[in-house]
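S.K.: After the structure tokens below, expect a handful of questions from me.
The values are calculated or read from the model by the stated rules, or taken from the named source; none is laboratory data. If you're wondering where the values come from, they're calculated on a predicted model, not measured in any experiment. Neighbour counts run over all protein chains shown; Cβ positions are idealised from the backbone, glycine included. Ligands, DNA and RNA are stripped out before the accessible areas are found, and what is left, the full protein with its side chains, is counted by its heavy atoms. Shrake-Rupley method; radii C 1.70, N 1.55, O 1.52, S 1.80 Å.
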Amino acid sequence: MSQYVYIGGGIIALAFVAWLIWFSYRAGKNNASVTTAEAATDSATAITEKAEAMAQAQADKPATEDGVLARLDGGSA
């Protein structure tokens, strides 16, 4: 009878180890996914900031030749 208890305990221990391996694998995949998403967010933020700066520079430029000359004379160009 005790032989069945040992076999049952071994099966439970084996199932626990298999579950730990599965859980660790899933945790690693999730961590990699989060790391990739954070890197993509940082990249998108940098691109957005650059695009905003370019749009602001486009909006701030003088519209006429006289405007360009006035900015050059004023030292703000």
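S.K.: Taking a probe of 1.4 Å, how large is the accessible area per residue of the chain, in Å²?
M.R.: Here the residues of the chain average 88 Å² of exposed surface.
S.K.: Moving on. Of the listed values (i) 7.1; (ii) 7.9; (iii) 4.4, grab the one calculated as mean projected area of the Cα convex hull in nm² from the structure here.
M.R.: Label (i) holds the value from this structure.
S.K.: So for the pair Ile11, Ala63, with labels modelled 7 Å out along Cα→Cβ, what separation do we get in nm?
M.R.: Each label point lies 7 Å from its Cα, and together they span 8.4 nm.
S.K.: Between Ala70 and Lys50, what FRET efficiency comes out of the Förster formula 1/(1 + (r/R0)^6) with R0 = 35 Å and r the beta carbon distance, rounded to 0.05?
M.R.: Step by step, r from the Cβ atoms, then E = 0.80.
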